[in-house]
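The values are calculated or read from the model by the stated rules, or taken from the named source; none is laboratory data. No experiment lies behind these values; they were computed from the predicted model shown. FYI the Cβ positions are ideal-geometry reconstructions off the backbone, even for glycines, and counts take in every protein chain you see.
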Amino acid sequence: MLFFAKAKRQVLPHRFNNVEFLSEENAAMKPRFVLPAVVSLLCGLSAAQAHELPEGAAPLEKSEQCAACHPTIFQEWQESFHAKSSVHKDSAHKAMHQAFSKAMIAKGQKANYHCATCHAPMSDNLKALMSGEAEPDSSNTTQVEGVGCTFCHRIEAVNKGKSFDQYTLSKEGAYHTSRPANKKAPHQTATSPLFTDGQVCMGCHSQYVNPHEVPVCVMTEEGKGNCISCHMSPAEGSPAVGSAVKTHFSHRFPGGHDQDILQKAAALEVKIETKGKERSISVAIKNTTEHTFPSTNPMRMAFVKVRAKDKKGAVIWENFKADPLQEDKQAVFFKAFKAGEKVGVPSWEAEAMAFDTRLKTGETRTLTYPLYSPAISEVEVELFYLLFPPKAIEGFGIPKDGVNDKRYSVAKKSVKM
C-alpha cells in the first residue's frame, strides 16, 4: 500500500496565509452566511476556509485527462451532477447564487461565491471567487468542471469540525481509491478506507450549521449508512483499460434526480378499513433508505396524493387540490426554517427550524382518511418527490426545465372498494 507520512500532509480546504484551521477553537468558527443546501452544504464559508493547493503541490488535472485510461468511469462522471455542479451548468444553483447575492447586496454586504468550495473546487482562483475578488467566469474551464475526478481522488482525510467538515488533499498528487495501490499505473496511487466506507463524501455532504447555530444540513445525524452502497453501486465494465477486473463502482452518483433510486427510497402500503357503515383508507409510508426521506438538502420535499374515484374514473375527493402544505400538512415530508414569526425563509436567514416532518430512516408513518361518499369505488395513492417546492421555484426564479420542476413518482398504489 502507498501512504504518505503525516509530515507531508497539507490541509487544503481551510488554509489562509499558511494558517491551518485545525484547532478545536478554529474548527468551531462559524461562517457569515449560508445558502440552502440546494446550492451547497458548505455555502457561507469565508475565503479563509477555501481549500487550496499548497506551494509546490501537484496541480489538479482536468478530468478529461482521465478518459484515456478510464473511459467508462469518465463517461459516467460526465453525465453526473458532480460534473454539472457549478453555476455554469446547474441552473438551480445559479438561480440560488443570484438570489443570495442580491440579498447580501441589499444588506450592504459583499456577494461572494462561497459555494465554490464544494460546487467548483477545481477552480484555479477559488480563493478569489470566495472572497468576492473574482466573479464566476464561464470561460474559465477549471470553474466549469464542477467536482472533478482529481479533486475527489486526491482526498486523504476528512477532518471533523463543529459547523462543517474539512478535507485534507494529497500534496504529492497520489490518487486514492478503495483498491490496492497499483505500481504499474502511470500516476501515484494509494489505498484509502475513506473510499470503502463512504466517508470520502462527508467533507461536502456531512453537516452545516448556519451563523444562528441552526442545523441546515446534518447528514451525520440523519444517516448512518454507507453512501457508496446506493450512490456508487457496482456496475459492469472494467475500471480501467487493460484491467482484469470486470466491474467498477458507478460514478453517475444517482440521487434525487434518479427515478430508480427514488423508487427504492420508500415503500407504500394502502388498506381500506370498514367499521359498520364507515369506511376509511389507511396509507402507510415507510422510509427504506439509510437516511432521512427526503434527505439532508432542506429544499427537497415529498408528499402523498390521495384521489377517490367513482366507477367511471371521475375524481370525487382528493386530499388536496393545489398546495399540500396548506391543505394537508400531514401528507408532506419536508423541513422548513423560520426567522422570528416568518416561516419559510431561506437557510441563510434561518433563526430556527419551523418544522421537520421528514421520515427518519426505517420509520413508517400512517395517514388515515375517511371515505364519506358511497359512490367511491377506487382509491389511488401516489407518493411524489420534488427537488424544489413550487414556491421556491417561483420565489427564487429557479428555471422550470423539466428537472427542477419535475414531479418524481416514488410509489403508487390503488385499491378497489
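Somewhere in region 121-140, is a residue small (G, A, S), more than 17 Å from A57 (Cα to Cα), part of a helix (DSSP H, G or I) and out of contact with any helix residue (DSSP H, G or I) (no Cβ under 9 Å at 6 or more places or on another chain)? Scanning region 121-140 turns up no residue that is small (G, A, S), more than 17 Å from A57 (Cα to Cα), part of a helix (DSSP H, G or I) and out of contact with any helix residue (DSSP H, G or I) (no Cβ under 9 Å at 6 or more places or on another chain).
Only one of the numbered conditions (1) surrounded by 14 or more Cβ atoms within 10 Å (Cβ to Cβ); (2) in a strand (DSSP E or B) is violated by T368, and that is (1). The sole residue among Y175, Y167 that is touching a residue at least 40 places away in the same chain (Cβ under 8 Å) and among the aromatic types (F, W, Y) is Y167. Please name all residue pairs, on different chains or six or more residues apart, with Cβ atoms under 6 Å, provided the first residue is in region 321-334 and is assigned by TED's automatic domain parsing to the domain that holds A266 and the second residue is at pLDDT below 95. Within 6 Å, the pairs are V332/L325. Residues that are buried (at least 17 other Cβ atoms within 10 Å of the Cβ) and over 27 Å from the mean Cα position of the chain (by Cα) number at least 1 in the following strands (runs of 3 or more DSSP E) confined to region 150-194: 189-191. Among the residues making up region 403-417, those that are surrounded by 15 or more Cβ atoms within 10 Å (Cβ to Cβ) and in a strand (DSSP E or B) are Y408, V410, A411, K413.
Summed over region 371-402, the residues that are surrounded by 18 or more Cβ atoms within 10 Å (Cβ to Cβ) and part of a strand (DSSP E or B) give a count of 7. Kindly indicate whether V315 is surrounded by fewer than 17 Cβ atoms within 10 Å (Cβ to Cβ), more than 23 Å from T288 (Cβ to Cβ) and under 23 Å from the mean Cα position of the chain (by Cα). Criteria not met by V315. Considered as a group, the residues in region 376-402 that are in contact with a helix residue (DSSP H, G or I) (Cβ under 8 Å, 6 or more places away or on another chain) and among the aliphatic types (A, V, I, L, M) include one that is nearest to E273 (Cα to Cα), and that residue is L387. V200: in contact with a Ser or Thr (Cβ under 9 Å, 6 or more places away or on another chain), within 26 Å of V345 (Cα to Cα), aliphatic (A, V, I, L, M) and in the same structural domain as G148 (by TED's automatic domain parsing), yes or no? Judged against the criteria, V200 is not a match. If only residues of region 216-237 that are surrounded by fewer than 19 Cβ atoms within 10 Å (Cβ to Cβ) and either in a strand (DSSP E or B) or in the same structural domain as E363 (by TED's automatic domain parsing) (or both) are counted, the one that is modelled with the lowest pLDDT is V218. Within region 135-177, the set of residues being aromatic (F, W, Y) and over 19 Å from H187 (Cβ atoms) comprises F164, Y167.
Scanning region 80-102 for residues that are more than 15 Å from the chain's Cα centre (by Cα), among the hydrophobic types (A, V, I, L, M, F, W, C) and assigned to a loop (DSSP other than H, G, I, E, B) yields a total of 1. Does M130 meet the test of being out of contact with any Gly (no Cβ under 9 Å at 6 or more places or on another chain), closer than 30 Å to I393 by Cβ and of a type in the set (A, V, I, L, M)? Spelling it out, M130 is indeed out of contact with any Gly (no Cβ under 9 Å at 6 or more places or on another chain), closer than 30 Å to I393 by Cβ and of a type in the set (A, V, I, L, M). The set of residues in region 238-251 being farther than 18 Å from Y175 by Cα and part of a strand (DSSP E or B) consists of T247 alone.
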